[in-house]
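The block underneath contains the structure these notes are about, expressed in structure tokens.
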Amino acid sequence: MIESSSRRRFLQVVATGGAAVGVACLAAACAPTGPTGTIQAGNVSDLGVPSLKAVPNESLAVGRDANGVYALSLICTHAACDMETQGSVSPEGIVCFCHGSQFTANGAVLSGPAGSPLEHYEVTISAQGAISVNADKTVDAATRVQPAG
Ligand code: FES
């Protein structure tokens with residue numbers, strides 16, 4: 001009798017805890033939320049033309065084309081997979097491994113299920129070429145920054 005009651009109590013605790021975790025994930029979004037704040041994203045001398053590189057441990061990429069340097073989110077606009085870890089990033093484009101969406105190197109949707117382009121962020125480049133991304137400020141997808149010199 002005691003043993004059965006303890007077992008029942010144990011199962012109640014496990015079930016309640018599991019449900020709480022499940023609700024927390026739904027409410028607080030277990031999916032990554034995207035980059036925030038100011039992020040140091042390497043040096044412009046490491047970016048050829050064209051190039052697009054994921055910034056390690058950040059959900060963003062920096063790219064460079066004939067018009068300059070830019071930064072964009074790697075959070076897929078379909079279901080928020082972080083393509084820094086669950087995708088491929090190259091000057092040829094970005095692929096989400098979760099459900100197969102494809103984006104151009106500038107973040108435009110090539111094929112779904114994603115229906116929206118990737119967000120671009122404000123970039124500044126120091127006189128020494130250090131790239132800084134302000135992930136709290138979005139900019140138009142055509143925005144580019146020219147390196148000094
Ligand atoms: S989350 Fe990227 S395709 Fe679904």
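Each reported figure results from applying straightforward, stated rules to the coordinates on display, with no laboratory input. On a predicted model such as this, the values are computed, not experimentally measured, just so you know. Here the Cβ positions follow ideal geometry from the backbone for every residue, glycine too, while neighbour counts run over all protein chains shown.
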*For segment 98-149, the Rg and Dmax computed from alpha carbons only, in angstrom*: 13.8, 42
*What are the principal axis extents of the Cα atoms in segment 35-88, in Å, biggest first?*
32, 20, 16
*By how many nm would the segment from residue 104 to residue 46 lengthen if fully extended, with 0.36 nm per residue of separation less the alpha-carbon distance?*
18.8 nm
*How much FRET efficiency would the formula 1/(1 + (r/R0)^6) give for residue 140 and residue 80, where r is the Cβ-Cβ distance and R0 is 22 Å, rounded to 0.05?*
0.50
*Over the alpha-carbon set of segment 71-133, divide Rg by the Kirkwood Rh and report the Rg/Rh ratio to two decimals.*
1.04
*In a Debye calculation with equal point scatterers on the alpha-carbon sites of segment 31-147 and no solvent, what is log10 I(q)/I(0) at q = 0.20, 0.23 Å⁻¹?*
-1.00, -1.32
*Computed E for residue 88/residue 116 - FRET, C-beta separation, R0 22 angstrom, nearest 0.05*: 0.65
